[in-house]
Amino acid sequence: MPETPRPRLADYALEVRSKNAGPFWVTLETFMRDEAGYRIASDAAFLNEEVIGRLYGVPAGDVQIFRIPSLNVVKISFPRPVSQASLHDRDVHAGQHHVPLALLEVPDRLRAEAARA
């Protein structure tokens with residue numbers, strides 16, 4: 001019998017998206033469905049500068065995370081690997097950068113907390 005896939009961050013979100021934040025930065029945004037989802041996305045042990053650095057190959061010190069509880073939103077910004085529209089830019093609008101974040105598996109601890117909420 002096939003194993004049930006583990007829930008991912010996108011499963012708790014209304015939307016996970018990415019966009020340009022100027023020619024040198026990318027911004028990721030998670031719009032969570034509710035407070036339980038926001039608690040998952042804003043959990044600093046789950047989603048932090050080191051995790052984003054590993055996902056996107058950028059130094060953790062260059063990652064900026066903004067948690068906005070009144071909107072159930074977490075915004076993340078980091079430098080683009082190359083400047084927008086340069087020769088080696090593979091995503092000029094940064095429209096596909098959200099995928100690794102959306103596919104991030106939610107740990108059992110946070111899933112259980114969300115289920116109790």
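Throughout, read-outs are computed from the coordinates displayed, never taken from laboratory work. Being a predicted model, the structure only gives us computed values, none of them experimental. No Cβ is skipped: glycine too gets one built from the backbone with ideal geometry, and neighbour counts run over all protein chains shown.
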### Query
Can you list the residues of segment 43-74 with backbone N under 16 Å from a point 7 Å past the Cα of ARG109, pointing along Cα to Cβ?
43-51
#### Entry: Using a Förster distance of 30 Å, the FRET efficiency for ARG116-GLN64 (Cβ separation, nearest 0.05)
0.45
### Query
Cα convex hull of segment 1-79: how many Å³ per residue?
113
### Task
Stick to Cα atoms and the Kirkwood definition of Rh, then tell me Rg/Rh for segment 40-93.
1.05
### Extension gain (nm, one decimal) between THR4 and ARG33, 0.36 nm per residue minus Cα-Cα
8.2 nm
### Summary
Sorted by chain and number, the residues with a modelled amide H under 5 Å from that of LEU14, at a separation of 5 or more or across chains, are PHE31, MET32, ARG33
### Query
Once whole DSSP H runs in the chain are found, which of them have Cα atoms spread over 20 Å or more along the helix axis and a mean Kyte-Doolittle score of at least -0.5?
none
### Task
Please report the relative contact order for the chain, taking Cα pairs under 8 Å with a sequence separation of at least 6, and give it as a percent rounded to a whole number.
35
### Query
Which of the GluC sites (Glu not before Pro) found in segment 1-69 are in a DSSP loop and have at most 10 neighbouring Cβ atoms, other than their own, within 10 Å?
GLU3
